[in-house]
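Structure, as structure tokens:
The values are calculated or read from the model by the stated rules, or taken from the named source; none is laboratory data. What you are looking at is a predicted structure, and each value in this text was computed from that prediction instead of being measured. Here the Cβ is made from the backbone with ideal geometry for all residues, glycine too, and neighbour counts use every protein chain on show.
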Amino acid sequence: MDRRLFLGNLAAAAGLGALGASHALVAGPHPPARERRADVVILGGGTGGVAAALGALRSGSRVVMTEETDWIGGQLTQQAVPPDEHPWIEQFGAPASYLDFRRRVRALYRRAYPLAEGASEPLNPGNCGVSYLCHEPRVALAALEEMLASYASSGQLVVLLRHACVGASVTGDRIESVRVRDERTGTETELTAPFFIDATELGDVLPLAGVEYVTGAEAAGETGEPHAPAEAQPQNMQASTWCFAMEHVDGENHVIERPAEYAFWRDYAPDLAPPWPGPLLSFTYSHPITLEPRTLPFDPRTNDGGWWTYRRLIDPANFAPGTYPGGVTLVNWPQNDYLLGNFVDVSPEEKARHLAGAMALSRSLFYWLQTEAPRPDGGAGWPGLRLRGDLTGARHGLAKRPYIREARRIRAEFTVCEQHVGLEARMAETGLPQGEVTAASFPDSVGIGSYRIDLHPSTGGDNYIDVGSLPFEIPLGALLPVRMENLLPGAKNIGTTHITNGCYRLHPVEWNIGEAAGQLAAFCLRGKHAPRQVRANAKLLEDFQRSLKRQGVEIRWPDPARRVR
């Protein structure tokens with residue numbers, strides 16, 4: 001392969017000076033195979049895909065994993081978004097493998113970077129406002145490749161980078177094979193296996209294989225959710241965001257060429273309900289919870305807790321003096337949430353148009369920051385801002401891919417709704433007060449997670465829907481399609497609703513979903529079970545949950561973490 005590239009990337013990352021180098025593909029030792037067989041085929045090498053691979057590999061399965069880009073890791077790497085996590089993440093509340101990933105990120109910084117004597121402890125490279133571990137995408141990539149390296153070296157894992165799903169062969173309720181295309185050569189490869197996991201960013205396998213799925217917002221009459229609309233809105237989805245990393249070099253001029261679409265985006269005001277407070281390109285936005293106008297400061301020379309430190313990747317105070325004079329921040333802000341359309345279930349031309357639009361919005365935001373953004377001193381623009389595409393691995397200067405918040409979701413044996421996890425909905429459902437109420441407990445739990453129900457403004461015209469939720473469980477029934485027997489979801493495509501996707505979409509939860517899917521496939525292979533049999537048979541379910549716990553997957557929250565105080 002690709003296996004050689006994979007190990008080459010790892011070796012480059014381990015060599016301290018190579019983290020900034022390009023991960024260029026190299027030819028494998030043999031011509032590409034036209035057919036590959038495995039125990040488990042994982043389509044999509046994002047956050048959930050990597051976790052699914054680890055879950056299956058540790059159980060002894062042979063795995064083929066594909067990835068459309070040249071970086072595995074999804075939102076952690078190619079989308080450039082550091083982890084969004086819950087308050088207990090440093091102690092518990094995620095699979096052991098995810099906590100191991102976090103340890104490896106910190107270890108790499110300690111091993112390869114000139115840290116200051118007073119660096120934060122536990123180390124948070126960016127000392128940002130929204131994460132306990134805000135780090136560069138390349139470091140996450142190195143950690144993930146390190147976790148998979150021995151499996152790739154032994155041949156138990158084959159990683160096919162730059163391969164996209166283009167077709168599927170289905171007999172009845174089973175997928176026989178999935179066809180992927182090498183985007184460099186056009187060569188197509190048939191992948192066959194007893195089990196397939198769709199861990200693509202948009203749930204791309206579902207339509208190819210005729211799997212029943214839903215998109216956008218379900219009707220309240222279907223789900224009973226307090227925040228669902230009266231009628232179904234299949235194209236009403238959370239905005240996607242094309243993130244970018246930037247640094248500030250005081251006294252220098254790095255102003256980019258004015259984007260062709262700049263005038264449109266400079267004057268664009270989202271048409272949302274409730275209303276957005278004004279132009280999108282502004283430091284004023286709707287507070288996600290109250291929806292009142294809120295203005296944060298922006299000054300890359302200070303540590304004022306504003307936009308600059310919001311998702312900062314590199315805080316100069318954590319590193320040797322002079323290493324990073326201005327620091328680096330990641331722009332995943334409301335200002336570059338793309339609201340004009342979706343990438344799902346539209347024509348290829350429309351998808352391409354929206355991808356280009358999302359990129360143009362982010363470039364326009366960056367240009368506005370350089371040239372017109374109001375300064376505290378009364379001036380306009382910060383010409384010393386510079387894109388750091390070298391940190392995100394993209395020549396165009398932005399992240400490799402847009403950050404996807406919402407994908408196709410399987411129609412599942414069980415669907416998680418707001419009344420299972422939402423704070424107010426649970427209080428109404430149970431009659432218990434805040435402080436005593438907990439999320440629904442699922443007998444078939446295969447993991448846990450915690451995050452607010454956080455829906456960004458949507459392509460259907462909704463402003464933020466951001467409501468309290470309770471630490472929740474991940475039911476196995478949400479990983480089981482209503483009909484298909486050998487396909488499992490491994491990312492944001494499980495049986496949640498538009499509403500509950502808002503709290504099941506974050507990094508450690510996607511990781512847990514992927515790991516549970518990978519382990520389930522391996523468990524079923526060993527015992528020759530169908531996945532739905534595991535849920536339906538109490539003894540099998542108990543055996544599977546015991547297997548999960550042996551491999552470090554928590555399936556119940558400890559009390560009192562289950563309760564919101």
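Taking segment 255-309 as the range and being in contact with a Leu (Cβ under 6 Å, 6 or more places away or on another chain), free of Cβ contacts under 8 Å to residues at least 40 places away in the same chain and closer than 26 Å to Gly461 by Cα as the test, the residues that pass are Tyr268, Trp307. In segment 393-403, the count of residues that are buried (at least 21 other Cβ atoms within 10 Å of the Cβ) and more than 30 Å from Gly48 (Cα to Cα) is zero. Please indicate, with yes or no, whether at least one residue in segment 257-267 is buried (at least 22 other Cβ atoms within 10 Å of the Cβ), closer than 30 Å to Pro316 by Cα and assigned by TED's automatic domain parsing to the domain that holds Gly384. No, segment 257-267 has no match at all.
Among the criteria (1) more than 22 Å from Ile513 (Cα to Cα); (2) part of a loop (DSSP other than H, G, I, E, B); (3) touching a residue at least 40 places away in the same chain (Cβ under 8 Å), the one Leu191 does not fulfil is (2). Exactly one residue among Arg388, Arg411, Arg426, Arg401 is in the same structural domain as His248 (by TED's automatic domain parsing) and touching a residue at least 40 places away in the same chain (Cβ under 8 Å), and that residue is Arg388.
Against the condition touching a Ser or Thr at 6+ places or on another chain (Cβ under 8 Å) and aromatic (Phe, Trp, Tyr), how does Tyr367 come out, does it pass? No, not satisfied. When the residues of segment 302-344 are filtered to those that are under 24 Å from the mean Cα position of the chain (by Cα) and hydroxyl-bearing (Ser, Thr, Tyr), which remaining residue is nearest to Thr284 (Cα to Cα)? Taking the candidates together, the pick is Tyr310. For segment 268-312, a tally of residues being polar (S, T, N, Q), more than 15 Å from Asn336 (Cα to Cα) and either modelled with pLDDT of 95 or more or surrounded by 18 or more Cβ atoms within 10 Å (Cβ to Cβ) (or both) returns 3.
Looking at segment 313-369, which of the residues that are surrounded by 19 or more Cβ atoms within 10 Å (Cβ to Cβ) and among the polar types (S, T, N, Q) is farthest from Leu387 (Cα to Cα)? The residue in question is Asn342.
Suppose the filter is in contact with a Cys (Cβ under 8 Å, 6 or more places away or on another chain), of a type in the set (Ser, Thr, Tyr) and part of a loop (DSSP other than H, G, I, E, B); does Thr200 pass it? Yes.
Is it the case that some residue within segment 83-95 is in contact with a His (Cβ under 9 Å, 6 or more places away or on another chain), of a type in the set (Val, Ile, Thr) and at pLDDT 95 or above? No - not one qualifying residue is present in segment 83-95. As a summary of the residue check, Arg103 satisfies the conditions (1) over 27 Å from Gly55 (Cα atoms); (2) surrounded by fewer than 22 Cβ atoms within 10 Å (Cβ to Cβ) except for the one numbered (1). The number of residues in segment 188-235 that are in contact with a strand residue (DSSP E or B) (Cβ under 7 Å, 6 or more places away or on another chain), more than 16 Å from Ile465 (Cα to Cα) and not assigned by TED's automatic domain parsing to the domain that holds Gln79 comes to 1. Residues of segment 146-171 that are farther than 21 Å from Thr187 by Cβ and either in a helix (DSSP H, G or I) or in contact (Cβ under 8 Å) with a residue 12 or more places away in the chain (or both): Glu146, Met147, Leu148, Ala149, Ser150, Tyr151, Ser153, Ser154, Gln156, Val170. The set of residues in segment 506-515 being touching a strand residue (DSSP E or B) at 6+ places or on another chain (Cβ under 8 Å) and not small (Gly, Ala, Ser) consists of Leu506, Pro508, Val509, Asn512, Ile513, Glu515. In segment 421-462, the residue that is nearest to Ala536 (Cα to Cα) out of those that are charged (D, E, K, R) and in a loop (DSSP other than H, G, I, E, B) is Asp444.
Taken over segment 59-100, the residue count meeting the criterion of being part of a helix (DSSP H, G or I), farther than 27 Å from Glu183 by Cβ and hydrophobic (A, V, I, L, M, F, W, C) is 2.
Scanning segment 345-362 for residues that are of a type in the set (D, E, K, R) and at negative phi, which turns out farthest from the chain's Cα centre (by Cα)? Only one residue tops the list, namely Glu349. Going by the conditions given, is Ala142 aliphatic (A, V, I, L, M) and closer than 23 Å to Asn336 by Cα? It is false that Ala142 is aliphatic (A, V, I, L, M) and closer than 23 Å to Asn336 by Cα. Pairs linking a residue in segment 434-447 that is over 17 Å from Arg535 (Cα atoms) and assigned by TED's automatic domain parsing to the domain that holds Gly552 to a residue that is buried (at least 20 other Cβ atoms within 10 Å of the Cβ) and at pLDDT 95 or above, with Cβ atoms under 6 Å and 6 or more positions apart or on different chains, are Val437/Arg426; Thr438/Leu470; Ala439/Val421; Ala439/Leu470; Ala439/Phe472; Ala440/His420.
Condition check ((1) part of a loop (DSSP other than H, G, I, E, B); (2) assigned by TED's automatic domain parsing to the domain that holds Ala96; (3) charged (D, E, K, R)) across all residues:
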site: Glu485; (1), (2), (3): yes, yes, yes
site: His498; (1), (2), (3): yes, yes, no
site: Ala521; (1), (2), (3): no, yes, no
site: Arg535; (1), (2), (3): no, yes, yes
site: Lys539; (1), (2), (3): no, yes, yes
site: Gly552; (1), (2), (3): yes, yes, no
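Just one residue in the set Pro259, Pro279 is touching a helix residue (DSSP H, G or I) at 6+ places or on another chain (Cβ under 6 Å) and within 17 Å of Ser362 (Cβ to Cβ); that residue is Pro259. Residues of segment 463-483 that are buried (at least 23 other Cβ atoms within 10 Å of the Cβ) and outside any loop (DSSP other than H, G, I, E, B): Ser469, Phe472, Glu473, Ile474, Pro475, Leu476, Ala478, Leu479, Pro481. Remark: pairs (first residue in segment 331-350, in the same structural domain as Ala269 (by TED's automatic domain parsing) and over 29 Å from Ile314 (Cα atoms); second residue outside any loop (DSSP other than H, G, I, E, B) and not polar (S, T, N, Q); Cβ separation under 7 Å; 6+ apart in sequence or on different chains) = Leu340/His354; Leu340/Gly357; Gly341/Glu350; Gly341/His354; Asn342/His354; Phe343/Lys351; Phe343/His354; Phe343/Leu355.
Of note, Asn493 does not satisfy the criterion of being polar (S, T, N, Q), surrounded by fewer than 24 Cβ atoms within 10 Å (Cβ to Cβ) and under 15 Å from the mean Cα position of the chain (by Cα).
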